[in-house]
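Nothing in this text is a laboratory measurement; each read-out follows from the coordinates by a stated rule. Computed from a predicted model, the values in this text were never measured in an experiment. Ideal geometry is used to build each Cβ from the backbone, glycine not excepted, and the neighbour counts take in all protein chains shown.
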Amino acid sequence: MQTCPLPFLMVPALGRPFLLGMLYDCRNDTLIPGNCKDWFIYSRSDVESKTQENTSFELLASDTISDKSSALNVSASLKASFLSGLVNVDGSANYLNDIKSSNHQARVTLKYSRTTKFDQLTMNHLGSKNMTYTEVFDKGTATHVVTAILYGAQAFFIFDREVSSSENTQDIQGNLEVIIKKIPSISIEGKGDVTLTDREKQSKDTFSCKFYGDFALDSNPVNYEDAINLYKSLPKRLGENGEKAVPVKVWLYPLKKLDNRAAQLLREISENNLYKAEAIIQQMTDVKMRCNDLMRQPTAKNFPDMKRSIGQFREYCEQFTLMFQKQLAHTLTSIRRDQLDEEKLMEVLIRAERSPFGKLQVEEYLSRRQQEMDTVESFINKLHPVKVLSSEHELNKVVTDPKVQYIVCYCFTSLNDEEEYLSDLRKWLQTDESSTNDIHQSNKVELWIKNKELHQKARRYLQEFQEFSQSNTTSNTQSNTLRQNIQYIISAFCDTNNPGASIRLYEAGSLVNDRFSPPAKPSPPTILSMTHERVKLSLKPADYGKEFVTGYKIGYRIHNEEKWDNHTIETPAQEVTFKGLQPNKTYEFRCSSMCKTDQILRNNRRLQTGWILEEQWR
């Protein structure tokens with residue numbers, strides 16, 4: 001724990017309404033409400049004022065809490081207060097609260113800073129004799145008094161560009177920086193313009209602009225041109241003599257120097273614990289972005305239950321952040337008042353790290369979700385253009401359609417296996433704040449994509465469903481009629497009896513089988529016997545789906561002729577004889593397994609009556 005010295009203290013104003021003589025409490029970084037002259041008597045002659053004109057620019061490519069705080073010159077102590085929600089910022093400092101909504105977002109920020117004058121109370125004026133309300137010393141309501149203010153204004157132009165999946169975020173970021181760097185080259189008097197290449201002109205139209213500043217605007221900029229025009233006008237917006245400038249930096253004098261009865265900032269938390277607290281809040285900020293990205297993926301749009309689940313996780317993380325900030329604020333102010341030891345803060349940090357919101361568990365959840373969504377998306381792409389129905393409710397609408405006789409549905413059955421982890425999060429949020437610091441032990445969730453057997457089963461179903469759904473792609477009238485009576489669907493709902501994935505067969509509005517195995521392409525038939533005008537074949541179904549084989553369709557024709565003669569076997573008998581063949585001709589045979597949907601899965605063989613001329617399967 002660090003003991004605080006008693007020098008002048010400089011803090012950034014962060015849009016707060018500071019005035020000379022105003023009282024300030026460094027233990028919670030708040031201004032004491034009331035007219036400053038209620039506390040301190042001073043006249044204009046007691047104020048030294050001097051011009052301090054300066055203008056600077058800075059390009060910011062990072063969007064972390066740490067780098068944003070540095071851009072506003074926020075000290076470690078003030079950052080701790082900001083992280084815990086003790087400090088309410090305004091004006092340009094609202095930049096601290098603006099975070100990217102997605103990791104697929106390139107962002108570059110231009111900081112404009114101008115100072116105009118520096119006012120300070122003379123040292124001769126500082127003294128308890130000038131205090132009009134000395135009870136402040138006894139009540140301990142303040143620790144410092146404002147003795148100097150640097151006036152000016154700051155502005156942050158935030159340029160954002162959405163990055164598509166085919167683009168590289170770093171490349172887009174680099175191009176964005178090149179264009180934004182040219183803005184400060186404009187004359188400060190507003191003359192001239194930015195010179196862009198043709199490619200840069202096209203690029204500038206693709207990004208948006210947000211503005212946070214200490215300037216009164218009629219409207220905020222939304223694009224690059226708006227930003228240029230606003231930038232040109234900034235110097236004039238403070239008035240001819242800078243009369244519209246606002247406090248930018250403030251110097252505070254400890255009241256303890258005026259009277260020993262005054263309260264003071266006794267202790268400060270260590271930088272190590274501040275770093276840990278910042279890391280937890282930064283992690284939750286990053287989690288929100290990752291959740292937003294997951295919820296925008298095609299899989300989340302196809303299956304709203306997955307989107308809902310991720311949205312619930314994001315909401316729990318936001319609740320955790322608020323709870324953590326509340327605990328941090330209480331502990332921080334108590335430590336600064338020397339009412340608590342820093343070990344209490346360490347307990348708060350340890351509890352957060354060991355909770356189900358700890359970095360490791362959160363990362364594992366998001367990683368599992370990402371892998372699952374990527375897998376589902378690849379499966380759906382493989383089956384394109386099969387229609388995707390978002391839920392069992394949507395599927396039932398199609399199932400009950402009297403125009404459709406058969407529905408074959410590829411179903412993801414385990415997309416909500418993370419619900420137990422979400423239940424752990426909800427229960428933890430509802431526990432008492434003084435709960436144990438034991439490491440949270442949640443039941444390990446093995447996703448179906450991580451289970452080798454289930455994943456292989458899902459892939460096998462995928463292949464068979466694809467072949468099954470594509471095998472009717474012919475131009476004959478019979479197949480067209482058949483296709484009108486059969487629909488192929490992809491859907492998702494929970495089915496613990498068939499984890500991972502399954503194929504469902506519906507007939508006339510009812511579920512016939514929830515483990516339907518479409519018959520695979522039959523094995524090549526073998527020749528049992530053959531004469532000059534007849535051939536006897538042995539038919540053998542493939543092992544996969546053979547229990548659903550109801551018969552065969554066998555077609556044969558003389559090689560190179562167009563017309564096929566078809567023979568249907570209505571039973572799964574495995575031998576068939578063809579008679580009346582022409583001697584010394586090469587015949588082609590094709591064998592198709594049939595199931596309840598009269599589906600066709602073919603295998604062909606070519607032979608010559610009397611002897612085998614050649615064998616060719618295709």
Point-to-point label distance, T586-V512, nm (Cα→Cβ direction, 7 Å offset): 3.9 nm
Pairs beyond 18 Å (Cα-Cα), from K111/K182; K301/K387; K68/K359; K79/K181; K181/K249; K117/K244: K68/K359; K79/K181; K181/K249
Computed E for H567/D401 - FRET, C-beta separation, R0 35 angstrom, nearest 0.05: 0.55
Rough spin-label spacing in nm, given labels placed 7 Å along Cα→Cβ, for E420 and T496: 1.0 nm
Filtered GluC sites (Glu not before Pro), the range 229-289: DSSP coil and at most 13 other beta carbons within 10 Å: E240, E243
Förster radius 51 Å - calculated FRET efficiency between N485 and S164, Cβ distance, rounded to 0.05: 0.80
Potential extension, R460-E363 segment - 0.36 nm per residue separation minus Cα distance: 31.9 nm
Using distinct alpha-carbon pairs, which all enter the 1/r mean, Kirkwood radius of the range 280-352 in Å: 14.0 Å
Volume per residue of the C-alpha convex hull in the range 271-460, rounded to whole Å³: 127 Å³
Potential extension, E392-Q574 segment - 0.36 nm per residue separation minus Cα distance: 61.6 nm
Spacing of the two label points (7 Å from each Cα toward its C-beta) at T550 and L528, in nm: 2.4 nm
Which of Q319, L340, A329, positive extreme of dipole for the range 298-343 (C-beta unit charges): Q319
Computed E for S62/H384 - FRET, C-beta separation, R0 35 angstrom, nearest 0.05: 0.30
